[in-house]
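Input: a single structure, listed below in structure tokens.
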Amino acid sequence: MIAIVLAAIAAFAHAATAWRYGYFRDELYFIACSKHLAWGYVDQPPMVAVAAWFSGPAGYQLIALRALPIIAASLTVYLAVRLARELGGGTFAQILCGFATLTLPAYLLLGNTLTTSSFEPFFWTLALYCSIRLVRAPASRTKRWWPALGLVVALGAYAKYSILLLAAAIILGLLATPERRVLRSPFALYALGLAAFLLAPNLAWQAAHGWPIVDVLAGDVNHRHAFQNGLLLESFDVLRNAPAFVVEQFVYTNPVAAVFWITGVVAPFRIATWRDLRFISIAFIIVFAAAIALNAKGYYIIGFYATPIAVGAVALERATVAARAALFGILAAVAIVALPLSLPVLPVDTLVAYTKLLGLTGRNGTPAHLIQPVFAEQFGWERLTLDVAGVYFSLPPPVRTRTAIYADTYGDAGALEFFGPRYGLPPPISSQNNYYLWGTRGYDGSTLVAIGATQIERLRHLYRSVQLVRTSTEPYKWIVEGPAPIYICRDPIAPLPVIWPALRWYGA
């Protein structure tokens, strides 16, 4: 009952706030992808596009677009509490685990936005749950959990490939402990075969297109920039990225909740009855170390935390009543203070004022800004479209009919494709990620209305005339991208289909 109640609270919290701001930049891209359904995409598996496609009959309204992330977030809370109960946790442990999981800052963000990471907490937690049941089930019943694990890994990979790292870490964790016995079952190979069979269409798509996801990941590492306030969360340098990665784990999980997951990692080595869970702790250490070595962003392993939080909550239930009350009180206080930074419970101007009150912005007489990057990226898209329309319709009609609207990022392209019909704009083109594969839409490129500065130097080499005509500004977007320049490009050195490959770029 506790699991169901807390899962329902999570669902209600997300459903009640998912509409407050606007479309996140990636969501607009996923809506575009949903109109080109395929077994794969340059930069992600197809689940997010399918999720966006389901919201199509509702006009891609925010609450419909985010329905599946909301369900995934509530099910993650349910699984965490269920695991705490099955590990012997009483009422306190279950409530502590559920509340910590429900209010985890990263989980609040992911449950309120459609991204490739939105389904990670659910699938990772479910995979770990299946693996624990696999280890603890009687030998006669392991044949049930192996196929379940294979199915979960495959479905999780259709959301984001990162779950393959988790699967590898689980296997290594089992090999490092006496629980390696479960790997002797022929059903382990059946599970592997099932996962491979289910993933084959997506892997075939990637192979047929030259494994573009590899280029995307490399581009993501090599093109990391500081926010407008100078804060650099991720770096292309491993030695600089590692400390930031570690700090982000505490920020994304709530510093107080970190006590729970750290306890959950350590407890199987200290509590005799939990020795069979050591493979989970080892898997966590492997994932953590691999993420640092691979220069991962801080949120790349966020899906793991619900499980050690459940283990830690049960272990901490052994503390005194006073200690438990103090721990829960501190957790609740920090979660409530941090809540507006992860869940859009406040109007945006009130949020800016709140962060100024906390001293996070507007210090030393400087203007206060919206500093939550995910929230900031939910503003300005229709304003950008309106500014582009002003430039586009200023062109003479004979020129305009041959003019392509080129956006150098998939976020700008997705926004122009979604909002453009309201202002009479044709579908845009872009050379980033899957937009590149969708091509030039028949334009010869004699004239471009080009948006963004990412590819401007390439355009200057490919066009003899590149003129800045307008800059689209959105104060709320300040922390991430800043103003978007709009150019008119004329007189290309060759037709657009010829120079198109020179404009291609893969990355985030």
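The values are calculated or read from the model by the stated rules, or taken from the named source; none is laboratory data. Treat the numbers as computed from the prediction; the structure is a model and nothing was measured. Ideal geometry is used to build each Cβ from the backbone, glycine not excepted, and the neighbour counts take in all protein chains shown.
Do you know which residues across region 452-469 are more than 20 Å from GLU481 (Cα to Cα) and of a type in the set (Val, Ile, Thr)?
Pass one, region 452-469, residues more than 20 Å from GLU481 (Cα to Cα): 460-467.
Listed by number, the list holds a single entry, VAL466.
Taking ALA333, is it surrounded by 20 or more Cβ atoms within 10 Å (Cβ to Cβ), at pLDDT 95 or above, outside any loop (DSSP other than H, G, I, E, B) and assigned by TED's automatic domain parsing to the domain that holds PHE122?
Details: surrounded by 20 or more Cβ atoms within 10 Å (Cβ to Cβ): no; at pLDDT 95 or above: yes; outside any loop (DSSP other than H, G, I, E, B): yes; assigned by TED's automatic domain parsing to the domain that holds PHE122: yes.
So ALA333 does not fit the description; no.
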Seminar exercise, completed: Note on region 47-86: residues crowded, with 21+ Cβ neighbours inside 10 Å, under 18 Å from the mean Cα position of the chain (by Cα) and over 18 Å from ALA106 (Cβ atoms) are MET47, ALA49, ALA51, ALA52, LEU62, LEU65
For this session: Go through (1) at pLDDT below 95; (2) surrounded by fewer than 20 Cβ atoms within 10 Å (Cβ to Cβ); (3) assigned to a helix (DSSP H, G or I) and name the single condition VAL498 misses.
Result: (1)
For this session: State whether the residues of region 273-281 include one that is modelled with pLDDT under 95 and in contact with a His (Cβ under 8 Å, 6 or more places away or on another chain).
Result: no
Seminar exercise, completed: Exception for TYR161 within (1) aromatic (Phe, Trp, Tyr); (2) assigned to a helix (DSSP H, G or I); (3) surrounded by fewer than 21 Cβ atoms within 10 Å (Cβ to Cβ) falls at (2)
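So which residues in region 216-254 are aliphatic (A, V, I, L, M) and modelled with pLDDT of 60 or more, if there are any at all? Spell out the reasoning first.
First pass over region 216-254, keeping only residues aliphatic (A, V, I, L, M): 216-218, 221, 226, 231-233, 238-239, 242, 244, 246-247, 251.
Listed by number, the residues that qualify are VAL216, LEU217, ALA218, VAL221, LEU233, VAL238, LEU239, ALA242, ALA244, VAL246, VAL247, VAL251.
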Exercise. Do we have SER131 as farther than 26 Å from PHE12 by Cα and small (Gly, Ala, Ser) here?
Worked result: yes
Exercise. Which condition number in (1) among the hydrophobic types (A, V, I, L, M, F, W, C); (2) over 24 Å from LEU155 (Cβ atoms); (3) buried (at least 23 other Cβ atoms within 10 Å of the Cβ) is the one that CYS33 fails?
Worked result: (2)
Exercise. Can we say LEU134 is crowded, with 22+ Cβ neighbours inside 10 Å and in a loop (DSSP other than H, G, I, E, B)?
Worked result: no
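I need a count of the residues in region 480-495 that are touching a Lys or Arg at 6+ places or on another chain (Cβ under 6 Å) and either at pLDDT below 95 or surrounded by fewer than 20 Cβ atoms within 10 Å (Cβ to Cβ) (or both). Quick ask: steps written out before the conclusion?
Applying the first criterion (touching a Lys or Arg at 6+ places or on another chain (Cβ under 6 Å)) to region 480-495 yields 486, 491.
Then keep just the ones that are either at pLDDT below 95 or surrounded by fewer than 20 Cβ atoms within 10 Å (Cβ to Cβ) (or both); that gives 491.
The qualifying residues number 1.
Applying the selection to region 477-495, what residues are on the phi < 0 side of the Ramachandran plot and either touching a Phe, Trp or Tyr at 6+ places or on another chain (Cβ under 8 Å) or in a helix (DSSP H, G or I) (or both)? Show your work before the answer.
Narrowing region 477-495 to residues on the phi < 0 side of the Ramachandran plot: 477-481, 483-490, 492-495.
Passing the criteria: LYS477, ILE479, VAL480, CYS489, ARG490, PRO492, ILE493.
Please specify each residue of region 204-215 satisfying the condition of being assigned to a helix (DSSP H, G or I) and in contact (Cβ under 8 Å) with a residue 24 or more places away in the chain. Steps first, please.
The initial filter retains those residues of region 204-215 that are assigned to a helix (DSSP H, G or I), namely 204-208, 212-215.
If the condition is that a residue be assigned to a helix (DSSP H, G or I) and in contact (Cβ under 8 Å) with a residue 24 or more places away in the chain, then ALA204, TRP205, GLN206, PRO212, ILE213, ASP215 are the ones that fit.
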Seminar exercise, completed: Taking first residues from region 148-160 that are in contact (Cβ under 8 Å) with a residue 24 or more places away in the chain and second residues anywhere that are charged (D, E, K, R), the pairs with Cβ under 8 Å that are 6 or more apart or on different chains are GLY156/GLU120; ALA159/GLU120; LYS160/GLU120
For this session: Among the numbered conditions (1) surrounded by fewer than 17 Cβ atoms within 10 Å (Cβ to Cβ); (2) assigned to a loop (DSSP other than H, G, I, E, B); (3) modelled with pLDDT under 95, tell me where VAL345 comes up short.
Result: (3)
Exercise. What helices (runs of 4 or more DSSP H) completely inside region 1-103 contain at least 3 residues that are outside the structural domain of TYR252 (by TED's automatic domain parsing) and not aliphatic (A, V, I, L, M)?
Worked result: 25-34
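Counting just the residues of region 103-131 that are over 16 Å from ILE309 (Cβ atoms) and hydroxyl-bearing (Ser, Thr, Tyr), which one comes out surrounded by the fewest Cβ atoms within 10 Å (Cβ to Cβ)? Reasoning before the result, please.
Of all residues in region 103-131, those over 16 Å from ILE309 (Cβ atoms) come to 109, 112-119, 123, 130-131.
Applying the additional criterion that residues be hydroxyl-bearing (Ser, Thr, Tyr) yields 113, 115-118, 131.
Numbers: THR113: 25, THR115: 21, THR116: 19, SER117: 22, SER118: 26, SER131: 28.
Checked region 103-131; the qualifying residue surrounded by the fewest Cβ atoms within 10 Å (Cβ to Cβ) is THR116.
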Problem set entry | Restricting region 299-327 to residues that are part of a loop (DSSP other than H, G, I, E, B) and not charged (D, E, K, R), the residue that is nearest to the chain's Cα centre (by Cα) | TYR305
